[in-house]
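Trainee: Pasting in a structure now, in structure tokens, and then I'll have a few things to ask.
The values are calculated or read from the model by the stated rules, or taken from the named source; none is laboratory data. Everything numeric here is computed off the predicted structure, so don't read it as measured data. FYI the Cβ positions are ideal-geometry reconstructions off the backbone, even for glycines, and counts take in every protein chain you see.
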Ligand code: KE4
């Protein structure tokens, strides 16, 4: 089935920790050998053994237009022909800042970086520098990249690998991060009251993707905005996943909440390394070189990455009405999958937000990390392996999201449902 992937994985494990450059790719949580990808087109990935899969990983979210979109690929090709990197400002960066600010009303200024981790790390430092306070509040199961202060009861790979926090983070630093249950506004109110004299910010994935998909309960984010506003605590929306996923703009556009700072990544890079953070002018102007809070990056605003991201955003902007179709298509496939599981008598819950969803192997509602954590991860692993064998590539962890793209077709949906039915027979 995957002889060359196996050979490459054995070779990789000797020279790359775990054989991968990001832990979740190692398929550890699903007890399988990772497939090594040769190429990807549209909704499909093809592994080094020539097997083709309908892809729902989509590079963990970025490939909103599908893989190898011809216009994006051509923009990358042309930009690369003008030089890979200059270390100097370019017009593309101005256009990128303009399109982001135009799409997300809470952004008055924005700075480009090269990953979501960098965006969040920089936004948290800026929040601390702007407020002069040290503590931050995050939510259990939310993952904000691997910067030290944020790797505390995180989601994604940390949850998947059961890493309690992570060695290497000084206790003195970890103590400044307070972790609360997602959707628990009483806990937030109590913690803000208790720590407000030294509390810089609250950071949240407004719709969580890293404990699996978990949406905010009605009113939760509105109250979060109120309580942070009341105490002069900055509110940071980490929209690295949700940015341009749920609508053209941030999830904040849909709920009409303006955070003080927003972190972006994934889709805004069109598959190349791009992150961004932005927000209120008075806060952003504290950043070097005009302000005292230092932040920098050799490849920040890289011209090839900007070309990929800007072209992606322009296509999404000019086709923003298509989001509704994609949401309907996602709703439909989730409904059909749920029916197949019900026929099998297997209790699952599917949480969906726009074109991202998670099948939780549990009979109970999943509304926070504790309830997500009661899922049958072994059951998910068996399902994952069965779907992979039937030509469907899902996230190799119960605590991640499946992503549709504008390249996913009705035929892909049919293939997915047939694979699901086939897989459930063997479960
Ligand atoms: P990166 O540094 O991986 O570009 O972004 C970190 C990040 C920040 N915020 C959110 C909400 C995120 O989801 C992420 C990264 N997401 C994970 C998977 N859910 C990336 C996959 C990986 O770690 O390999």
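Conditions (1) at negative phi; (2) assigned by TED's automatic domain parsing to the domain that holds residue 47; (3) in contact with a strand residue (DSSP E or B) (Cβ under 6 Å, 6 or more places away or on another chain); (4) within 16 Å of the ligand (Cβ to nearest atom), marked per residue:
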{"site": "348", "(1), (2), (3), (4)": "yes, yes, yes, no"}
{"site": "357", "(1), (2), (3), (4)": "yes, yes, yes, yes"}
{"site": "370", "(1), (2), (3), (4)": "yes, yes, no, no"}
{"site": "376", "(1), (2), (3), (4)": "yes, yes, no, no"}
{"site": "380", "(1), (2), (3), (4)": "yes, yes, no, yes"}
{"site": "387", "(1), (2), (3), (4)": "yes, yes, no, no"}
{"site": "401", "(1), (2), (3), (4)": "yes, yes, yes, yes"}
{"site": "412", "(1), (2), (3), (4)": "yes, yes, yes, no"}
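Trainee: Give the stretch 225-243 a look and list any residue that's assigned to a helix (DSSP H, G or I) and under 20 Å from residue 119 (Cβ atoms), or say none.
Mentor: From the stretch 225-243, those assigned to a helix (DSSP H, G or I) are 225-230; that's our starting set.
Within the stretch 225-243, just 228 meets the criteria.
Trainee: Another one. Which strands (runs of 3 or more DSSP E) sit wholly inside the stretch 1-107 and have at least 2 residues that are surrounded by 19 or more Cβ atoms within 10 Å (Cβ to Cβ) and within 26 Å of the chain's Cα centre (by Cα)?
Mentor: Strands (runs of 3 or more DSSP E) meeting the threshold: 44-47, 52-55.
Trainee: Exactly one of (1) more than 25 Å from residue 69 (Cβ to Cβ); (2) more than 12 Å from the ligand (Cβ to nearest atom); (3) buried (at least 23 other Cβ atoms within 10 Å of the Cβ) is unmet by residue 231. Its number?
Mentor: (3)
Trainee: If a residue has to be farther than 12 Å from residue 115 by Cα, part of a loop (DSSP other than H, G, I, E, B) and within 13 Å of the ligand (Cβ to nearest atom) to count, how many in the stretch 259-300 make the cut?
Mentor: 0
Trainee: Sticking with this one: Going by what's in this entry, would residue 310 be described as under 20 Å from the mean Cα position of the chain (by Cα), in a helix (DSSP H, G or I) and closer than 24 Å to residue 207 by Cβ?
Mentor: For residue 310, the condition - under 20 Å from the mean Cα position of the chain (by Cα), in a helix (DSSP H, G or I) and closer than 24 Å to residue 207 by Cβ - is not met.
Trainee: Residue 375 - would you say it is part of a helix (DSSP H, G or I) and buried (at least 18 other Cβ atoms within 10 Å of the Cβ)? Spell out how you get there, then give the answer.
Mentor: Working: part of a helix (DSSP H, G or I): no; buried (at least 18 other Cβ atoms within 10 Å of the Cβ): yes.
Against the criterion (part of a helix (DSSP H, G or I) and buried (at least 18 other Cβ atoms within 10 Å of the Cβ)), residue 375 does not qualify.
Trainee: Within the stretch 8-25, how many residues are closer than 27 Å to residue 154 by Cα, more than 16 Å from the ligand (Cβ to nearest atom) and touching a residue at least 40 places away in the same chain (Cβ under 8 Å)?
Mentor: 0
Trainee: Also, I was wondering about something else. I'd like the full set of residues that are out of contact with any strand residue (DSSP E or B) (no Cβ under 6 Å at 6 or more places or on another chain) and either under 21 Å from residue 398 (Cβ atoms) or at pLDDT below 95 (or both), limited to the stretch 31-56.
Mentor: 31, 32, 33, 34
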